[in-house]
Amino acid sequence: MTELRDDVFATEQASPGPPTSEERLLRAATTLFSDKGFEATRTRDISTTAGMSPSAMYVHFPSKEDLLFQLVRRSNERALALVLSAVAPFTDPIDRLRALVREFSIMHARNFRRARIAQYESRHLSPEHRETVAETRLQIRVAAMREVQNGLDQGVFLIPDPRVAVLAIMSLAVDICRWYSPDGEFTPEELGDINADLVLRILHAPGY
């Protein structure tokens, strides 16, 4: 299986030419926070991995926590944009929800390191930064709830409580980043299709 590259710019456009110092620090922090955890990573580790002097990080980020915040914030904002864009081409509730679940799952596989940080290291954020991240996460849940409710309103989905489906969407996709490996059994696309089918079965969608 072809190895998938995961870093802070895996699915967004980096600046032209060689990476900037800020990009190098973000990439180094992505690997270290994901593999070692936030607390076990020293600022010196980040700068050294980025090929920079020990104090170089503070030129771009006032603290290690702020660097973590930038990673988590970008990850959640990217997830929100993806959820909204995934459903845009479709009108049928089944097609819209399938696209949402599929793309949300693929994102957590392709960018497993960044997703792992966003899910499991965000507890180290300051209260102010946690609040900012929580607002974006709420928008993601609201977007998913809107799609499920739309299917219920049209009589396409048959489930007593739409919150169950939204929990399934979030849990199935998010959990991928905890165990996913590029050398594993499934490709991101295969996982996206599997999760989409599972969610539609939970919703008792026609044909599922």
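Things to note:
- Cα pair distances exceeding 11 angstrom across segment 109-159, given as percent: 74
- Checking every one of the trypsin sites (Lys or Arg not before Pro) in segment 64-173 against DSSP loop status and a limit of 13 other Cβ atoms within 10 Å picks out no site at all.
- Surface accessible to a 1.4 Å probe, residue 38 within the full protein complex, Å²: 20
- Overall, the accessible surface of the chain at a probe of 1.4 angstrom is composed of carbon and sulfur to the extent of 53 percent.
- Degrees separating the helix 188-202 axis from the principal Cα axis of the chain, which is the longest one: 40
- Accessible area in square angstrom per residue, segment 56-208, 1.4 angstrom probe: 47
- Loop-resident GluC sites (Glu not before Pro) (DSSP state other than H, G, I, E or B) in segment 72-139 with no more than 16 further Cβ atoms inside 10 Å of their Cβ are absent.
- Phi-derived couplings, Karplus 6.51 cos²θ - 1.76 cosθ + 1.60 at θ = phi - 60°, listed residue by residue for segment 172-179: 4, 6, 5, 5, 4, 5, 6, 10 Hz, with x used for Gly and Pro.
The values are calculated or read from the model by the stated rules, or taken from the named source; none is laboratory data. Model, not experiment: these values are computed from the prediction. Methodologically, a virtual Cβ is constructed for each residue, glycine included, from the backbone with ideal geometry; neighbour enumeration extends over all protein chains shown. With ligands, DNA and RNA removed, areas are computed over all heavy atoms of the protein, side chains included. Shrake-Rupley method; radii C 1.70, N 1.55, O 1.52, S 1.80 Å.
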